[in-house]
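FYI, it's all coordinate maths here, none of it is from the lab. Here the structure is a predicted model, which is why all the values come from computation and not from measurement. When we count neighbours, we look across all protein chains shown, and the Cβ atoms used for this are built from the backbone with ideal geometry, even at glycine.
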């Protein structure tokens with residue numbers, strides 16, 4: 001029988017399978033990537049500790065690890081803050097990812113096996129179901145798995161390590177460009193094109209298709225960020241206007 005899963009609940013199985021700090025880190029990551037914790041917001045260590053029924057020690061350790069990943073930053077005597085999303089940082093991260101994923105696709109295309117192709121097709125089919133429902137919380141982990149599977153299937157351990165080293169930071173930016181149902185559907189159509197290119201065995205086509213996918217993702221993200229900035233400016237103007245005697 002299936003039971004509802006509450007992501008904020010730390011189960012006994014979680015404790016047995018992971019270190020306490022790891023469990024706390026996973027929950028804070030979820031809160032950041034879901035938007036529950038906003039960019040620039042101060043993280044309330046006590047509130048997180050109370051929510052997870054743990055002491056503040058594991059929360060502090062988790063925050064140090066998250067700072068190394070670029071998801072939070074620490075200000076002495078002030079606390080832990082959620083990393084802000086800046087346009088310039090986003091562009092740099094997307095450009096880096098475009099190069100790495102395109103390289104992975106060019107390496108993978110000539111060595112793609114039927115088993116690899118089947119797995120990539122399975123990811124795309126599952127993402128399609130999530131995209132049609134507008135279910136970002138389901139689409140996103142599948143999206144991460146799809147690209148990670150591509151990279152690690154190349155067999156290049158250094159490329160995999162480099163890619164995984166910044167993928168969580170990249171996620172902060174991707175969230176803003178994929179929250180709409182239309183963006184999910186478009187992104188997954190691009191995934192299908194990537195798989196088709198890989199099946200052709202053509203390294204150049206694999207490179208170009210993958211690079212194009214990430215570049216289009218960057219455009220979607222920048223449009224979303226610009227829209228947020230405009231909305232924020234309009235809100236500030238309304239507040240100023242309403243406060244004027």
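Separation between the residue 199 and residue 121 pseudo-spin-labels, each 7 Å from Cα along Cα→Cβ, expressed in nm?
Distance between label points: 0.6 nm.
Find how much the distance from residue 64 to residue 162 grows on full extension, using 0.36 nm per residue of separation minus their present alpha carbon separation; answer in nm with one decimal. All intermediate terms of the calculation are to be shown ahead of the outcome.
On the way: separation 98, 0.36 × 98 = 35.28 nm, distance 2.03 nm.
Result for the pair: 33.2 nm of gain on full extension.
Would you mind listing how long segment 12-82 runs along its three principal axes, going by Cα atoms, in whole Å with the largest first?
If we take the Cα atoms of segment 12-82, the spans are 33, 25, 21 Å.
Could you tell me the calculated FRET efficiency between residue 192 and residue 19, based on Cβ-Cβ distance and R0 = 45 angstrom, to the nearest 0.05? Please list the in-between numbers first.
Working: r = 39 Å, r/R0 = 0.86.
Here the calculated transfer efficiency is 0.70.
Among 65, 196, which comes first, second and so on when ranked by fewest other beta-carbon atoms within 10 Å?
196, 65
Can you sort 26, 191 from fewest to most other Cβ atoms within 10 Å of each residue's own Cβ? Mind showing how you got there, number by number?
Numbers: 26 15, 191 24.
Lowest count first: 26, 191.
Between residue 148 and residue 56, what is the label-point separation in nm under the 7 Å Cα-to-beta-carbon projection?
In this crude label model, residue 56 to residue 148 measures out at 3.2 nm.
Expressed as a fraction of 2.2 N^0.38 Å, the rule-of-thumb size for a compact globular protein of N residues, what is the C-alpha radius of gyration of segment 87-231? Intermediate results must be reported in sequence, preceding the final value.
On the way: Rg = 14.5 Å, N = 145, 2.2 N^0.38 = 14.6 Å.
Dividing the Cα radius of gyration by 2.2 N^0.38 Å gives 0.99.
Can you bin segment 17-174 into rounded, prolate or oblate? Criterion: square roots of the alpha carbon gyration tensor eigenvalues sorted a ≥ b ≥ c, rounded for a/c under 1.5, prolate for a/b above b/c, oblate for the rest.
prolate
Roughly what would the spin-label model give for residue 129 and residue 47, points 7 Å off Cα along C-beta, in nm?
3.5
Which order results if 139, 166 are arranged by neighbouring Cβ count within 10 Å, fewest first? Please list the in-between numbers first.
Details: 139 26, 166 16.
Least crowded to most crowded, the residues run 166, 139.
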